[in-house]
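The structure appears below as C-alpha cells.
The values are calculated or read from the model by the stated rules, or taken from the named source; none is laboratory data. Note that this is a predicted model, so its numbers are computed, not measured. FYI the Cβ positions are ideal-geometry reconstructions off the backbone, even for glycines, and counts take in every protein chain you see. SASA here: full protein model, heavy atoms, side chains in, ligands and nucleic acids out. Shrake-Rupley method; radii C 1.70, N 1.55, O 1.52, S 1.80 Å.
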Amino acid sequence: MYLNVKPTFNSFCFYSRRKLLFVVSLLFVMSLGSLGFLSAFNGGVCSFAYGASSVLVSTEVELVNAINNASGPLTITLDNDIIIANSSLIIPPNKDITLTSNRADGFYKLIGTISIHNGGTLRLAGVIVTHVNDAWGCGVIVYLGGQLFMSDGEIIGNYAMLGGGGGVSVYGSFTLTGGKISNNTAHYGGGGVSVKYGGSFTMTGGIIANNKAMYTNAHGTNVYGSGGGIDVYEGLFSMSGGNILGNTAQYGGGVYVASEGSFSMSGGNISDNAVLADSNNYSGFGGGVFLYSSTFINKTGGNISNNTGGDMYTYNDKPQNNSNLSTDNTRLTSNDPNNEPLDNNKNSFSLNNAIITCISILAITMGTIMSIRTFKKSRTNLLT
C-alpha cells in the first residue's frame, strides 16, 4: 500500500530550523577563517585581540601591544630581531608573558632591557636578550613582586653600570631551569645575576658562564667587584643543578654572598672561576664562593672545585657578623694553596663526610682533610 503523507506545518518548521542552523554555523566558521587571515596579515596582533593564547610579532609596536592587551597567559613568538627603542620593555602587573622564537637555526634577539613590574610574570623560552655593542643596560630587571622564569635562550652581552646585575637584576624572584647567561658585565656586583634586598634566585639547570664584575674608575684603572657569576646581598640563592663556570671578580669569582644573604646548594657545579688582582695588584679571594657575614648550606651534594683563588672563602669584619657553613657530601678543593678557602674568627663550620683542601677554621666529622693552613688568630677544631 502506498501512503501519500504530506508534511505538516510543524515538520516543515523543524526542517527549516535545521537549515537555518546550518547556514548560521557555516557563516560563523567562515568568519573565523577571515579573522585568522586578518591576524596573519597583521602579524598576529588581531588574533591576540580576539583572545588567542599565542601571537606572532616582528616589530616593537606589535610586541608592546600584544603584552599590554593580554587578558591571560600569552605566548609571544618573535619573527625577527626587535630593538627596544624606549628605555625598556615593560611587563606590567597581572601579565603572564612567554617569549620565544620561530627561527629554525637559533633564537631571535630582543635588543634592550626588559623590566618586570610587581605582579608581572615573564617566561623566557627561546630568545636572546642583549644590547648593542658599547650600550649600557641590564638584560632583565625583576622588581619586587615580579617573577622571571628562564628555560631556554640566552642573556648575553649586557653591561650594568650601576646597581649590579649585568645579565639579571633580581629584587623579586628568578627561576633558571635552562638556557645560558654569559658574557655580561657589572660595575660592582653580579656580572651574571644580582640578587638583592629579599630577592630570590633558584637555579635547577642552565649555565652561568664568562661573566665578570669590574669597573673602570675615574683614573682609568680597572677595579674588580664582587660575584662575577652571582652576587647575593640580603637575598636568597638556591642551587640544585646547572653550571657556574669561568666567571671572574675580585671577590667571589663564581658566587659572592653578603650581608645575611643565604646560599643553599644541593647539586650543580661551580668550577673554573677565578678572582683577579686590582690595579694595585691586590689579589682577591674566593674563586668559587666568597661568604661575607652570610650562610652557606649544603646537605645532599654538589661540586665546588678547580677555582683559582680558593674554592671557598669566608670573611666578616665584626664579631657579631658571623658566617655559617654547613655541608655534607660536598667536594671542596682548591688549586691555589696560597689562598685559604675558609678563613676568619667566630664563623660556624660543620662539614660532614666532605673532602676539603686548604681549610683554616672548621668543625668536621667523618671527613678527609687534605691540608690545613691557619692564620695567627685562627683556630682549628677537629670534632669526632
Practice item. Would you mind stating whether residue 74 is open to solvent by less than 40 Å² (accessible area, probe 1.4 Å), modelled with pLDDT of 95 or more and within 30 Å of residue 164 (Cβ to Cβ)? Key: no
**Study point:** Residue list for the stretch 87-101, restricted to those being within 14 Å of residue 65 (Cα to Cα), open to solvent by 30 Å² or more (accessible area, probe 1.4 Å) and assigned to a loop (DSSP other than H, G, I, E, B)
**Key:** 95
Review point. Out of all the residues in the stretch 139-153, which are out of contact with any Phe, Trp or Tyr (no Cβ under 9 Å at 6 or more places or on another chain) and not in a strand (DSSP E or B)?
Key: 139
Review point. On the given criteria, is residue 67 modelled with pLDDT of 95 or more and either of a type in the set (Phe, Trp, Tyr) or in a strand (DSSP E or B) (or both)?
Key: no
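Of everything in the stretch 225-274, what is more than 18 Å from residue 314 (Cα to Cα), assigned to a strand (DSSP E or B) and open to solvent by less than 10 Å² (accessible area, probe 1.4 Å)? Give them in sequence order.
Within the stretch 225-274, 239, 244 qualify.
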**Study point:** Set 120, 165: member being touching a residue at least 40 places away in the same chain (Cβ under 8 Å), open to solvent by less than 10 Å² (accessible area, probe 1.4 Å) and out of contact with any Phe, Trp or Tyr (no Cβ under 6 Å at 6 or more places or on another chain)
**Key:** 165
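Condition check ((1) among the polar types (S, T, N, Q); (2) under 10 Å from the mean Cα position of the chain (by Cα); (3) over 23 Å from residue 84 (Cα atoms); (4) surrounded by 19 or more Cβ atoms within 10 Å (Cβ to Cβ)) across all residues:
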{"residue": "140", "(1), (2), (3), (4)": "no, yes, no, yes"}
{"residue": "156", "(1), (2), (3), (4)": "no, no, no, yes"}
{"residue": "171", "(1), (2), (3), (4)": "no, no, no, yes"}
{"residue": "177", "(1), (2), (3), (4)": "yes, yes, yes, no"}
{"residue": "186", "(1), (2), (3), (4)": "no, no, no, yes"}
{"residue": "195", "(1), (2), (3), (4)": "no, yes, yes, yes"}
{"residue": "198", "(1), (2), (3), (4)": "no, no, yes, no"}
{"residue": "203", "(1), (2), (3), (4)": "no, yes, yes, yes"}
Practice item. Give the number of residues within the stretch 107-138 that are closer than 21 Å to residue 160 by Cα, not polar (S, T, N, Q) and not in a strand (DSSP E or B). Key: 8
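With respect to residue 104, determine if the residue is outside any strand (DSSP E or B) and open to solvent by 70 Å² or more (accessible area, probe 1.4 Å). I'd like the intermediate steps shown before the answer.
Details: outside any strand (DSSP E or B): yes; open to solvent by 70 Å² or more (accessible area, probe 1.4 Å): yes.
Yes; evaluated as a whole, the condition is true for this residue.
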Exercise for review: Looking at (1) open to solvent by 60 Å² or more (accessible area, probe 1.4 Å); (2) more than 30 Å from residue 218 (Cα to Cα), find the lone condition where residue 110 falls short.
Suggested key: (1)
Review point. Quick check: anything in the stretch 114-130 over 14 Å from the mean Cα position of the chain (by Cα) and at pLDDT below 95?
Key: no
